[in-house]
Amino acid sequence: MKPATPDKIRVLIADDHITVLEGLASIISRQADMAVLAQASDGVEVVALWGKHHPDITLVDLRMPTLDGVGAIEAIRRQDPSARLIVLTTFDTDTDLLNAVKAGAQGYLLKDSGREELLDCIRRVHRGETCLPASLVQKLATSLHREPLTAREAEVLQLLADGKSNKEISTALCISEATVKSHLGSIFRKLDVLSRTEAIATANKRGLIKL
């Protein structure tokens, strides 16, 4: 890693895949206006390194052990609400995007983004701008206008995705089958679907369930 100097954008990188971590460090270190301060392989480590180095920009993966990316962003922002963070991930579900932005990420890029797009995003966020690709902005706008599922509806939906019947869902949640049907009707309306299969597919796409 290059030594940090006052005229460089000081970057902290967090990713649990060593090849991705090394690749990002190599790309960023070659830039005349950037320097890699440190690298982390999990959420707890990146929070600790942020507290030690106070970087200008932190690149954070969403899926990391010990503490995920959203949790790490929230922990860092509690230390400094002005901290500038960019999510770099393979996931673009509505839930992932919305949670990251709510946590305080000013940038959100997919790992298949080009090198210049990544470097431009770092520079833009460093200037105080936000960096969200147009496709993700549209996805975020759409998700913000959707009526959210209630906690109970989310439970019913997950059990539905697990292959449970209405009777099995009612037993698991200690509610009547009529109540299960009522929840399913509300879920279908909110997801704008007509069947159980379509509900599962749509929910999976939006990151609302685990399959």
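The values are calculated or read from the model by the stated rules, or taken from the named source; none is laboratory data. In this text, all values refer to a predicted model and were calculated from it rather than measured experimentally. All Cβ positions, glycine included, derive from the backbone under ideal geometry; neighbour counts span all protein chains shown.
Give the residues of region 119-138 that are more than 22 Å from residue 71 (Cα to Cα), at pLDDT 85 or above and in a helix (DSSP H, G or I), sorted by residue number. Answer for region 119-138, where residues must be more than 22 Å from residue 71 (Cα to Cα), at pLDDT 85 or above and in a helix (DSSP H, G or I): 119, 120, 123, 124.
Just one of the numbered conditions (1) at pLDDT 90 or above; (2) under 21 Å from residue 73 (Cα atoms) is not true of residue 179: (2).
Residue-wise test of (1) outside any helix (DSSP H, G or I); (2) surrounded by fewer than 18 Cβ atoms within 10 Å (Cβ to Cβ).
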residue	(1), (2)
72	no, no
75	no, no
87	yes, no
91	yes, yes
96	no, no
100	no, no
108	yes, no
112	yes, yes
117	no, yes
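Flag: residue 75 matches the condition of being of a type in the set (Gly, Ala, Ser) and either touching a Phe, Trp or Tyr at 6+ places or on another chain (Cβ under 9 Å) or not assigned by TED's automatic domain parsing to the domain that holds residue 112 (or both).
If a residue has to be modelled with pLDDT of 90 or more and either over 20 Å from residue 204 (Cβ atoms) or acidic (Asp, Glu) (or both) to count, how many in region 139-165 make the cut?
Matching residues across region 139-165 total 3.
Close Cβ contacts (under 6 Å, 6 or more residues apart or on different chains) running from residues in region 75-101 that are touching a residue at least 24 places away in the same chain (Cβ under 8 Å) and closer than 19 Å to residue 127 by Cβ to residues that are among the charged types (D, E, K, R) and assigned to a helix (DSSP H, G or I) comprise 83/77.
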